[in-house]
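Data first, discussion second: the structure below is written as structure tokens.
The values are calculated or read from the model by the stated rules, or taken from the named source; none is laboratory data. Since we're looking at a predicted model, the values are computed, not measured. Reconstructed Cβ throughout: ideal geometry from the backbone, glycine too, with neighbour counts over all protein chains shown. Remember, those area values only see protein heavy atoms, side chains included, never the ligands or the DNA or RNA. Shrake-Rupley method; radii C 1.70, N 1.55, O 1.52, S 1.80 Å.
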Amino acid sequence: MNKPFKQHLIDPEICIRCYTCEMTCPENAIEHDDTNVVVNAETCNLCMACIPVCPTGSIDEWRVVESRDAAYSLEDQYSWDELPEQAEIAAGSDTDHMEAMDEAVAALLADAHKGAGGKAKAPATAAKPSINLYTAGKPAVAKVVGNYALTRDPEHDVRHIILDFGGQPMPVLEGQSIGIIPPGTDAAGKPHLPRLYSVSSPRDGERPNYNNLSLTVKREAGGVASNYLCDLEKGAEVSVTGPFGATFLMPDDPNARLLMICTGTGSAPMRAFTMRRQRTLGAASGGMVMFFGARTPDSLPYFGPLKKVPETLLRSHLSFSREAGKPKEYVQDRIRAEEEQVADLLADPNTHVYVCGLRGMEEGIEAAFTSIAESMGESWSALRDVMRSEGRYHVETY
Ligand code: A2P
């Protein structure tokens with residue numbers, strides 16, 4: 001008898017085409033073309049290895065189909081701009097089987113999401129993002145108009161790179177990413193896959209009303225794309241895909257409070273959010289609080305400009321892990337130290353939380369939030385689920 005089949009799919013609207021799932025899948029069941037990343041229903045064995053590595057939650061999509069034979073094909077999935085609605089399944093389906101399957105999938109997902117990741121939702125008032133306008137097959141070509149060192153530590157080179165798109169439309173919202181295609185080929189002789197970078201400028205451009213944007217790039221030892229980008233000269237041309245990302249967006253509500261937590265180059269979207277608010281609200285109270293972790297002040301991207309942002313707009317708490325003569329402090333240590341302020345934010349239904357940076361910090365932040373929520377007489381996991389379902393909890397770690 002044909003049993004209904006719960007098919008694993010990827011949401012093409014939310015996927016940022018980082019291909020981490022594809023690289024993680026032990027069954028090679030995930031593949032991509034120039035437009036979408038797709039799951040082969042014949043080879044996917046629902047092992048869930050791809051779920052926790054996805055930075056957006058776009059991988060956590062399921063549709064019940066009449067039978068495994070009726071699963072959406074790769075061709076179907078490649079042609080989608082958005083996921084199809086769940087179709088009605090004929091009466092007489094094997095509901096016991098489906099319930100057992102639901103439970104198994106839910107248990108696996110709960111396990112995969114025990115950290116702070118999970119299925120993401122955009123803020124209710126966020127502007128509608130444009131997605132996937134340029135693909136690896138048809139990239140935009142941007143011109144480098146600036147490449148500036150942000151750090152003074154030669155062992156830790158972080159750069160502010162400005163790309164201009166000339167007459168090509170590149171509408172990017174704060175929090176979105178773009179893909180950069182390094183020239184040349186990989187070890188297998190194939191063109192390099194695009195590498196994702198979060199945009200660090202606001203929607204109206206690094207320079208207001210110019211069709212440009214900025215990236216915050218850290219040179220990684222042996223990194224193909226980061227070395228390519230960090231060494232770019234003014235005037236060079238760069239192939240760009242995207243924009244990507246439809247959930248890590250800011251609320252378009254001047255009264256929404258933002259609690260931003262980041263390490264290193266995870267500050268890129270926080271810079272974009274802050275500049276957006278600065279340009280639209282001036283020095284008025286933006287209700288923004290940021291916890292920012294870096295090795296030392298010299299290696300904290302945008303340390304100088306950050307100090308000039310008025311306190312009324314942004315309260316920033318900087319934590320340094322390698323400052324000479326001082327104890328190591330991580331963002332989660334400072335969050336605990338500022339318990340009262342954080343509790344006040346978490347209790348406010350108008351607060352949006354953003355976490356961006358090293359994956360390792362998720363565990364520490366979860367522990368800090370758990371203890372702060374406890375002191376408020378609340379369960380953090382319940383509060384986090386509410387925030388996430390209301391589009392107020394956003395995590396992008398790598
Ligand atoms: P450290 O590497 O000294 O242990 P960058 O990417 O510029 O190196 O900055 C990352 C910052 O995040 C560093 O200060 C780093 O500290 C810190 N960091 C590393 N691991 C964690 C973690 N698990 N939780 C929070 N912060 C972390």
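Taken one residue at a time, the phi angles of the stretch 355-361 give Karplus couplings (6.51, -1.76, 1.60, θ = phi - 60°) of 10, 8, x, 5, 4, x, 6 Hz. Gly and Pro are set to x.
Restrict the search to the stretch 229-274; then list the trypsin sites (Lys or Arg not before Pro) that DSSP places in a loop and that have at most 15 other Cβ atoms within 10 Å of their Cβ. Working shown, then result.
Details: sites: LYS234, ARG257, ARG271; in loops: LYS234.
Sparse-neighbourhood loop trypsin sites (Lys or Arg not before Pro): LYS234.
Ordering SER239, SER316, PRO269 by Cα displacement along the dipole of the stretch 212-317 toward the positive end leaves SER316 in first place; charges were set at the Cβ atoms of Lys, Arg (+1) and Asp, Glu (-1). Sequentially through the stretch 19-30, phi angles give Karplus couplings (6.51, -1.76, 1.60; θ = phi - 60°) of 6, 5, 4, 4, 6, 8, 4, x, 9, 6, 8, 10 Hz, Gly and Pro residues having no value and appearing as x.
Remark on SER201: its backbone amide H falls under 5 Å from those of SER214, a criterion applied only to residues 5 or more positions apart or on other chains, H modelled at 1.01 Å from N.
Put SER375, SER73, SER299 in order of accessible area, largest first, 1.4 Å probe: what do you get?
Numbers: SER375 75, SER73 40, SER299 0 Å².
The ordering from most to least exposed comes out as SER375, SER73, SER299.
Annotation: SER198 carries an accessible surface of approximately 30 Å², with a 1.4 Å probe and no ligand, DNA or RNA atoms counted. Here the chain carries DSSP beta bridges of which approximately 60% are antiparallel, counting only pairs with both residues inside. How large is Rg/Rh for the chain, to two decimals, with Cα atoms and a Kirkwood Rh? Dividing the radius of gyration by the Kirkwood radius yields 0.97.
Taking amide H atoms as placed 1.01 Å from N in the peptide plane, the amide H of LEU9 lies under 5 Å from those of GLU61, TRP62, ARG63, each 5 or more residues away in sequence or on another chain. Highest GNM mean-square fluctuation, the chain, Cα pairs closer than 10 Å: which of GLU378, GLU66, GLU88? Per the Cα network of the chain with a 10 Å cutoff, GLU88 tops the list.
With n ≥ 4 as the cut-off for DSSP H runs, can you work out [θ] at 222 nm for the chain, using -39500 (n - 2.57) per run divided by the number of residues, rounded to the nearest 500? Show your work: numbers first, answer last.
Values: 10 runs with 95 residues, N = 398.
It comes out at -7000 deg cm²/dmol, rounded to the nearest 500.
Structure note, pairs LYS3/LYS121; LYS307/LYS328; LYS121/LYS308; LYS121/LYS307; LYS143/LYS218: Cα-Cα distances above 24 angstrom occur for LYS3/LYS121; LYS121/LYS308; LYS121/LYS307. Between amide H atoms placed 1.01 Å from N, distances below 5 Å from SER319 occur with PHE292, GLY293, ALA294, all of them 5 or more places distant or on a separate chain.
How about the stretch 326-388: which trypsin sites (Lys or Arg not before Pro) there lie in a loop by DSSP and see at most 11 other Cβ atoms within 10 Å? Working shown, then result.
Details: sites: LYS328, ARG334, ARG336, ARG359, ARG384, ARG388; in loops: LYS328, ARG359.
Answer in residue order: LYS328.
Derived scalar couplings between HN and Hα for the stretch 230-238 equal 5, 8, 5, 9, 4, x, 5, 9, 10 Hz in order, rounded to whole Hz, by the Karplus curve 6.51 cos²θ - 1.76 cosθ + 1.60 (θ = phi - 60°), x for Gly and Pro. For the chain, the fraction of 1.4 Å probe accessible surface lying on carbon and sulfur atoms is 51 percent. Here the contact order of the chain, divided by its residue count and restricted to Cα pairs under 8 Å and six or more residues apart, works out to 16 percent.
Think of a 1.4 Å ball rolled over the protein heavy atoms: the chain then has 45 Å² of accessible area per residue.
Work out the length of the dipole vector of the chain about its Cα centre, built from +1 on the beta-carbon of each Lys and Arg and -1 on the beta-carbon of each Asp and Glu, and round it to the nearest 20 debye. All intermediate terms of the calculation are to be shown ahead of the outcome.
Values: 38 positive and 56 negative charges, 410 e Å.
Dipole size: approximately 1960 debye.
Of the listed residues GLU237, GLU323, the order by accessible area with a 1.4 Å probe, largest first, is GLU237, GLU323.
Between the stretch 154-226 and the stretch 40-89, the alpha-carbon centres lie 30 Å apart. A dipole drawn for the chain from +1 and -1 charges on Cβ atoms has a positive end, and of VAL386, ILE131, PRO12 the residue lying farthest that way is ILE131. In the stretch 200-353, Cα pairs under 8 Å separated by at least six residues give a relative contact order of 22 percent.
Which of the trypsin sites (Lys or Arg not before Pro) found in the stretch 116-173 are in a DSSP loop and have at most 14 neighbouring Cβ atoms, other than their own, within 10 Å?
Values: sites: LYS119, LYS121, LYS143, ARG152, ARG159; in loops: LYS119, LYS121, ARG152.
The qualifying sites are ARG152.
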